[in-house]
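The values are calculated or read from the model by the stated rules, or taken from the named source; none is laboratory data. Bear in mind the structure is a predicted one, so any value in this text is a computation, not a measurement. Don't worry about glycine lacking a Cβ; one is built from the backbone with ideal geometry, like all the others, and counts go over all protein chains shown.
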Amino acid sequence: QKEVEQNSGPLSVPEGAIASLNCTYSDRGSQSFFWYRQYSGKSPELIMSIYSNGDKEDGRFTAQLNKASQYVSLLIRDSQPSDSATYLCAVNWGFKTIFGAGTRLFVKA
Amino acid sequence: EAEVAQSPRYKITEKSQAVAFWCDPISGHATLYWYRQILGQGPELLVQFQDESVVDDSQLPKDRFSAERLKGVDSTLKIQPAELGDSAMYLCASSQAGRGGLNEQFFGPGTRLTVL
């Protein structure tokens, strides 16, 4: 049974701080990794994808992938109250993608 | 900007009734996904199409759920009869995967189903 695990949170950070979200996965054959942001009552929105080991930066977001340790993380720099949402990790191998349950992030003004 | 379209956005029905959801993927996206998401959980795949063919429907409750994508473009998901436990958000997503494209999935706005 392939699994994707995330801490459900809530993770609470002050405005301007760095938020760190983590995700572990069970299958070493996993190929593609995605982070989605989901506001309450809305659908998931793709914010980052990463395919190889290391860091990938896009604006205030940095995704980090370590295939040997089977984890992927998302860093949000200069966190804003508008970043308050649930962040879903998704892991793909072959034609199959599995989503984690998400981590709730609260950014306090 | 290309988007995945879904309708209706909200649906309230009584148990034992039939409901249907419609999805139109981003133009050119070969792969279409239907997910169910219960509050506090991640999306759970119900069915995945590659063009008009079903790739994965292992988690689809086939006694009451059906899905089709007859021309490989838009898709319909049906529930008959609806049960109280079917209350959830039903999400449609599409990706270029399968035609040498990326498997990044883009979601529609979803249909919030309430079964009374």
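Going through A:Tyr36, A:Tyr71 one at a time, which residue ends up being more than 13 Å from chain B (Cβ to nearest Cβ) and closer than 19 Å to A:Glu3 by Cβ?
A:Tyr71
For region B:24-38, check the following and say yes or no: at least one residue is surrounded by 13 or more Cβ atoms within 10 Å (Cβ to Cβ), out of contact with any Leu (no Cβ under 7 Å at 6 or more places or on another chain), small (Gly, Ala, Ser) and over 21 Å from A:Leu46 (Cβ atoms).
Within region B:24-38, not a single residue is surrounded by 13 or more Cβ atoms within 10 Å (Cβ to Cβ), out of contact with any Leu (no Cβ under 7 Å at 6 or more places or on another chain), small (Gly, Ala, Ser) and over 21 Å from A:Leu46 (Cβ atoms).
Can you find a residue in region A:49-64 that is under 25 Å from B:Leu39 (Cα atoms) and either of a type outside the set (Val, Ile, Thr) or in contact (Cβ under 8 Å) with a residue 12 or more places away in the chain (or both)?
Within region A:49-64 (the criterion being under 25 Å from B:Leu39 (Cα atoms) and either of a type outside the set (Val, Ile, Thr) or in contact (Cβ under 8 Å) with a residue 12 or more places away in the chain (or both)), the answer is yes, since at least one residue qualifies.
Output the strands (runs of 3 or more DSSP E) that fall wholly within region B:1-109 and possess 1 or more residues being more than 14 Å from chain A (Cβ to nearest Cβ), or say none. So that I can check it myself, show each step before the final result.
Numbers: elements: B:5-7, B:10-13, B:19-24, B:31-37, B:44-50, B:53-56, B:65-68, B:75-79, B:88-95.
Those strands (runs of 3 or more DSSP E) span B:10-13, B:19-24, B:65-68, B:75-79.
Hey, does region A:74-87 have a residue that's aromatic (Phe, Trp, Tyr), closer than 30 Å to B:Arg9 by Cα and under 14 Å from the mean Cα position of the chain (by Cα)?
Filtering region A:74-87 for residues aromatic (Phe, Trp, Tyr) gives A:87.
Still in the running and closer than 30 Å to B:Arg9 by Cα: A:87.
So of that shortlist, the ones also under 14 Å from the mean Cα position of the chain (by Cα) come out as A:87.
For region A:74-87, residues aromatic (Phe, Trp, Tyr), closer than 30 Å to B:Arg9 by Cα and under 14 Å from the mean Cα position of the chain (by Cα): present.
When you check A:Ser73 against the structure, is it within 30 Å of B:Leu113 (Cα to Cα) and modelled with pLDDT of 95 or more, yes or no?
For A:Ser73, the condition - within 30 Å of B:Leu113 (Cα to Cα) and modelled with pLDDT of 95 or more - is not met.
Every residue in region A:26-55 that is buried (at least 17 other Cβ atoms within 10 Å of the Cβ), among the hydroxyl-bearing types (Ser, Thr, Tyr) and assigned to a loop (DSSP other than H, G, I, E, B), please.
If the condition is that a residue be buried (at least 17 other Cβ atoms within 10 Å of the Cβ), among the hydroxyl-bearing types (Ser, Thr, Tyr) and assigned to a loop (DSSP other than H, G, I, E, B), then A:Ser30, A:Ser43 are the ones that fit.
So, in region A:1-21, exactly how many residues are among the acidic types (Asp, Glu) and assigned to a loop (DSSP other than H, G, I, E, B)?
Looking only at that region, the number is 2.
Do the conditions hold for A:Thr86, that is, is it surrounded by 13 or more Cβ atoms within 10 Å (Cβ to Cβ) and within 11 Å of chain B (Cβ to nearest Cβ)?
Considered against the rule, which asks whether it is surrounded by 13 or more Cβ atoms within 10 Å (Cβ to Cβ) and within 11 Å of chain B (Cβ to nearest Cβ), A:Thr86 comes out as yes.
I'd like to verify a number: residues in region A:91-106 that are within 14 Å of chain B (Cβ to nearest Cβ) and touching a Leu at 6+ places or on another chain (Cβ under 9 Å), how many?
Number of matching residues: 9.
B:Gln59 versus (1) without any contact (Cβ under 8 Å) to a residue 60 or more places away in the chain; (2) farther than 30 Å from A:Ser8 by Cα; (3) surrounded by fewer than 17 Cβ atoms within 10 Å (Cβ to Cβ): which is the lone unmet condition?
(2)
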